[in-house]
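> The following block contains the structure, expressed as structure tokens.
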Amino acid sequence: MGSLYSEYLSPTKVLEHYNYTKETLDVPQTLSRQVALVLIIILCCAIVVENMLVLIAVARNSKFHSAMYLFLGNLAASDLLAGVAFIANTLLSGSVTVHLTPVQWFAREGSAFITLSASVFSLLAIAIERHVAIAKVKVYGSDKSCRMLLLIGASWLISLVLGGLPILGWNCLDHLETCSTVLPLYTKDYVLCVVTIFSVILSAIVVLYVRIYCVVRSSQAEVAGPQTLALLKTVTIVLGVFIVCWLPAFSILLLDYACPVRSCPILYKAHYFFAFATLNSLLNPVIYTWRSRDLRREVLRPLQCCRKVAGVQGRRGGTPHHRLLPLRSSSSLERGTHMPTSPTMLEGNTVV
């Protein structure tokens, strides 16, 4: 085991693995490629800003401190970190890759796997919360907040373990014949294991939503109604967008497992599939701010304040700007969770 970990700092190990799995390592730095890299970095910066605004909105307003919004905030946190991880991955890719040590390569790829795992577990937590709240007609009070935080903490702990398995030893540093083509220091078995786990979790989420849909459409359901259906539609859209964005990447990883080394040229274009998957982190904040008028107002508050301050400074002797109107509960998310219209929660309890 000591010899295995001593290879983690080898400056030639990554080059050896890429030489074995890739037909060529020569990547011409054309103008179109440079423009694409710049656009990807701009996209990732937009992901970071969007999800940061969502997190600030959820944190600063007690109206959004319900179970549903805590889990949406957790999803926004994973999307934000995914944007940061993809920026690092982009800057350390191309010709820079072969100059990395294995431990640097594991950190680069492991961060992406960790954020992906956190997103999947966040979607699972949202599905469980919706099933408990709608199918079981459950009331979350202040005494349940600890349980929700433990669930969020457990999801991140599992994500860290799952993404950290290769650096802990589940890799192909001593077995080139078992290496993945897309991820040349990962074993094919590890890649298959991760994709299988994610697929099982996503299938379980779909089953939960089907059960919830059957409950709210039932005439005997106490919570059935257009407001509940609107909330169900919101979280279903989030799940659907995740599947659409990540299905091509999951498919290319499954193809990677099935193809012998250097036998499937499409695997050398896998970065396009992962770039498309990154759109999911950009679209999520758009979805739940578009569906929630109150959350949209809170997210846009910092931008409105900056614009008003700039307008006041640009005028001589300008009058004080108008105060922002207080939030009103008028969105599908708030109505669907039966939250009070006041920014403060009644007696510390929030019915979801």
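> Answer yes or no: is there a residue in the range 112-123 that is in contact (Cβ under 8 Å) with a residue 12 or more places away in the chain and open to solvent by 40 Å² or more (accessible area, probe 1.4 Å).
No, the range 112-123 contains no residue that is in contact (Cβ under 8 Å) with a residue 12 or more places away in the chain and open to solvent by 40 Å² or more (accessible area, probe 1.4 Å).
> Would you check which residues across the range 165-176 are surrounded by fewer than 18 Cβ atoms within 10 Å (Cβ to Cβ) and in contact (Cβ under 8 Å) with a residue 60 or more places away in the chain and list them?
Within the range 165-176, Gly169, Asp174, Leu176 meet the criteria.
> With the checklist (1) open to solvent by less than 30 Å² (accessible area, probe 1.4 Å); (2) modelled with pLDDT under 90 in hand, flag the one item Leu185 doesn't pass.
Checking Leu185 against (1) open to solvent by less than 30 Å² (accessible area, probe 1.4 Å); (2) modelled with pLDDT under 90, the one that fails is (2).
> Right, here's the next one. Looking at Thr90, is it open to solvent by less than 40 Å² (accessible area, probe 1.4 Å), closer than 25 Å to Ala270 by Cβ, under 20 Å from the mean Cα position of the chain (by Cα) and polar (S, T, N, Q)?
The answer is yes for Thr90.
> Now for a different question. Looking at the range 10-22, I want the residues that are more than 12 Å from Thr101 (Cα to Cα) and have a partner that is in a helix (DSSP H, G or I) with Cβ atoms under 9 Å, at least 6 apart or on another chain. Which pairs are those?
Tyr18/Thr97; Tyr18/Val98; Asn19/Val98; Tyr20/Leu176; Tyr20/Glu177; Thr21/Leu176; Thr21/Leu267; Lys22/Tyr268
> Assess whether Arg297 counts as being out of contact with any helix residue (DSSP H, G or I) (no Cβ under 8 Å at 6 or more places or on another chain) and crowded, with 18+ Cβ neighbours inside 10 Å.
So Arg297 passes the test.
> Only one residue in Ala107, Ala36, Ala77 is under 15 Å from the mean Cα position of the chain (by Cα) and among the small types (Gly, Ala, Ser). Which one? Outline the logic, then answer.
Working: Ala107 fails: under 15 Å from the mean Cα position of the chain (by Cα); Ala36 fails: under 15 Å from the mean Cα position of the chain (by Cα).
Checking each option against the conditions leaves just Ala77.
> Kindly provide the set of residues from the range 162-203 that are of a type outside the set (Phe, Trp, Tyr) and within 17 Å of the chain's Cα centre (by Cα), ordered by number.
If the condition is that a residue be of a type outside the set (Phe, Trp, Tyr) and within 17 Å of the chain's Cα centre (by Cα), then Leu162, Gly163, Val194, Val195, Ile197, Ser199, Ile201, Leu202 are the ones that fit.
> Could you tell me which residue of the range 282-294 is surrounded by the most Cβ atoms within 10 Å (Cβ to Cβ), considering only residues that are assigned to a helix (DSSP H, G or I) and in contact with a Leu (Cβ under 8 Å, 6 or more places away or on another chain)?
Asn284
> Can you tell me how many residues within the range 240-274 are surrounded by fewer than 18 Cβ atoms within 10 Å (Cβ to Cβ), closer than 21 Å to Leu43 by Cα and of a type in the set (A, V, I, L, M, F, W, C)?
Count: 4.
> Here's something else I'd like to know. Residues that are open to solvent by less than 10 Å² (accessible area, probe 1.4 Å), at pLDDT 90 or above and part of a helix (DSSP H, G or I): does the range 156-164 have at least one?
If we filter the range 156-164 for residues that are open to solvent by less than 10 Å² (accessible area, probe 1.4 Å), which is where we start, we get 159, 163.
Filter once more, keeping what is at pLDDT 90 or above: 159, 163.
Filter again for part of a helix (DSSP H, G or I), leaving 159, 163.
Taking every residue of the range 156-164 in turn, at least one turns out to be open to solvent by less than 10 Å² (accessible area, probe 1.4 Å), at pLDDT 90 or above and part of a helix (DSSP H, G or I).
A quick yes/no check of all residues on (1) within 30 Å of Tyr213 (Cα to Cα); (2) of a type in the set (A, V, I, L, M); (3) open to solvent by less than 60 Å² (accessible area, probe 1.4 Å):
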site	(1), (2), (3)
Tyr20	no, no, no
Ala36	no, yes, yes
Leu43	no, yes, yes
Val49	no, yes, no
Val58	yes, yes, yes
Leu81	no, yes, no
Val84	no, yes, no
Arg108	no, no, yes
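The values are calculated or read from the model by the stated rules, or taken from the named source; none is laboratory data. Predicted model only: the values in this text are computed from it and were never measured. Cβ: placed from backbone, ideal geometry, glycine included. Neighbour counts: every protein chain shown. Only protein heavy atoms, including side chains, enter the accessible area calculation; ligands, DNA and RNA are left aside. Shrake-Rupley method; radii C 1.70, N 1.55, O 1.52, S 1.80 Å.
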